[in-house]
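The values are calculated or read from the model by the stated rules, or taken from the named source; none is laboratory data. These figures come from a predicted structure and were not determined experimentally. Positions of Cβ are backbone-derived with ideal geometry, glycine not excepted, and every protein chain shown enters the neighbour counts. Only protein heavy atoms, including side chains, enter the accessible area calculation; ligands, DNA and RNA are left aside. Shrake-Rupley method; radii C 1.70, N 1.55, O 1.52, S 1.80 Å.
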Amino acid sequence: TNVGGFFKNQLRELMDVLNSTNPHWIRCIKPHPAKKPLMWAGPSVINQLASSGVLGTVKIRKAGYPVRIKLADFLARYSILGKSVEEIFKNGKVGGTKGQKGS
């Protein structure tokens, strides 16, 4: 096997792993640019929270809107779109790519 083949096999294995998972996002916030304990850079943290969408989500939640709805509620509300909506969640596929199943 040459280098190109080895890379291709590794990439295929990686894509198999990625396609078999249900992605979750973890937001990491750096408390300060220096790497020392007990330090906190407030403006930097606020900027990171705003850039990652956390502050926007907090505003939406405080206004009383849900960020996520349960699958049953989604299907009941959007069932007008037809059986394709139920099939998307049943198969986990949207347009030939693996979709995310909600709860």
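Observations, loosely collected:
- Residue match in the range 89-96 (condition: among the hydrophobic types (A, V, I, L, M, F, W, C) and modelled with pLDDT of 85 or more): no
- Among the residues of the range 1-28, just one is at pLDDT 85 or above, part of a loop (DSSP other than H, G, I, E, B) and open to solvent by less than 100 Å² (accessible area, probe 1.4 Å), namely 20.
- Unmet criterion (only one of (1) at pLDDT below 80; (2) over 20 Å from the mean Cα position of the chain (by Cα); (3) exposed (fewer than 10 other Cβ atoms within 10 Å of the Cβ); (4) not hydrophobic (A, V, I, L, M, F, W, C)) for residue 79: (3)
- When each of 69, 46 is tested for being surrounded by 11 or more Cβ atoms within 10 Å (Cβ to Cβ), under 23 Å from the mean Cα position of the chain (by Cα) and assigned to a loop (DSSP other than H, G, I, E, B), the lone residue that passes is 69.
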